[in-house]
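The values are calculated or read from the model by the stated rules, or taken from the named source; none is laboratory data. These numbers come from a predicted model, not from an experiment. As a convention, Cβ positions derive from the backbone with ideal geometry for all residues, glycine included, and neighbour counts pool all protein chains shown.
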Amino acid sequence: MTAKPIGVFDSGIGGLTVVHALMQRLPHENIVYFGDTARVPYGPKSPQVIREYAAQDTDFLLSKDVKMIVIACNTVSGVALDVVMKQAHVPVVGVIRPGAAAAVAASKKKRIGVIGTVATINSKAYTNAIRQLDAEAHVVAQACPLFVPLVEEGWTHHKVTELVAKEYLFPLKLEKIDTLVLGCTHYPLLKEVIARVVNGNVTLIDSGEATAMEVERILDEHRLRNRSALKPHLQFFVSDVPAKFAEVGERFLGQKMGRIHRAHGFLL
Ligand code: DGL
């Protein structure tokens, strides 16, 4: 049982930032990753469609006999956590609660900003999770839909990205936030630009890192930690293989990816 893989899924390639965080914290765990690259982005889609997709993505990972499921996608975590939990007979972790808890722990002034896709921000999942943990917290949420395509294009340090960031983050600066949740798989790659734009005295919360800590806790609680010290087996499945997948994926993961498998049957 303990040698079974952890299943991780995302709307596409961005969830590899969460895989990267998992590999840092849990270097002996086998991982199966599914990225729904045929149907990405989920962020601008309706909750109903995102919930249907999440159910299909979960089925795929369950067919790989995973010991737990990590929803790397903030959009799915915000809109369809209940769908995945209902369907899976293994522990499920989304990125919202761990990210919210890390933000509450980090914020001294209780003024927290949250950025994410349109669906994540509309779901109010981060705002609700933060307020559940600290009813006095002041939360300012802002959708940043252009960030995802800019990162996919590789423009993580481009002046255009900096201009876009200034525009999106201006209202958060006015609210004098001291903590900012990077509530989207792609945003950790924009950490430098975002830190520069918010002026350095704002703590940036990477939900992926916070989630990896939560995964570790759950594995220990269920005695599911892999006891083998062998090099872990990493498998990557995607529903379509765009030309830039390996190149962009390696940037997200910070290492070579090996073979990328095609998963079939994910229709629009
Ligand atoms: N993975 C999504 C998220 O974290 C971003 C990309 C998308 O819109 O599908 O919200």
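Just a few scattered comments:
- Answer from A72, A103, A88 - the residue that is crowded, with 24+ Cβ neighbours inside 10 Å and over 19 Å from G14 (Cβ atoms): A103
- Flag set for I177, criterion: in contact with a Gly (Cβ under 9 Å, 6 or more places away or on another chain), away from the ligand (no atom under 16 Å from the Cβ) and either modelled with pLDDT of 95 or more or farther than 30 Å from K244 by Cα (or both).
- In the stretch 235-265, the residues that are crowded, with 18+ Cβ neighbours inside 10 Å, modelled with pLDDT of 85 or more and out of contact with any Leu (no Cβ under 7 Å at 6 or more places or on another chain): F236, F237, V238, S239, A263
- For the stretch 146-159, filtered to residues that are within 14 Å of the ligand (Cβ to nearest atom) and surrounded by fewer than 17 Cβ atoms within 10 Å (Cβ to Cβ), the residue that is modelled with the highest pLDDT is L146.
- Selection status of V193, surrounded by 23 or more Cβ atoms within 10 Å (Cβ to Cβ) and at pLDDT below 95: no
- Scanning the stretch 105-121 for residues that are of a type in the set (A, V, I, L, M, F, W, C), touching a residue at least 60 places away in the same chain (Cβ under 8 Å) and more than 16 Å from the ligand (Cβ to nearest atom) yields A106, I112.
- Only one entry of V241, V197 meets the criterion of being touching a residue at least 24 places away in the same chain (Cβ under 8 Å) and either on the phi > 0 side of the Ramachandran plot or out of contact with any Phe, Trp or Tyr (no Cβ under 9 Å at 6 or more places or on another chain) (or both), and that entry is V241.
- Filtered by the rule that a residue be modelled with pLDDT under 95, in contact with a strand residue (DSSP E or B) (Cβ under 6 Å, 6 or more places away or on another chain) and β-branched (V, I, T), the stretch 7-28 gives a lone residue, I13.
- From the list G183, G208, G200, the lone residue that is more than 15 Å from the chain's Cα centre (by Cα) and either at pLDDT 95 or above or among the small types (G, A, S) (or both) is G200.
- Any hit, the stretch 127-140, residues being surrounded by fewer than 24 Cβ atoms within 10 Å (Cβ to Cβ), assigned to a helix (DSSP H, G or I), in contact (Cβ under 8 Å) with a residue 40 or more places away in the chain and within 16 Å of the ligand (Cβ to nearest atom): no
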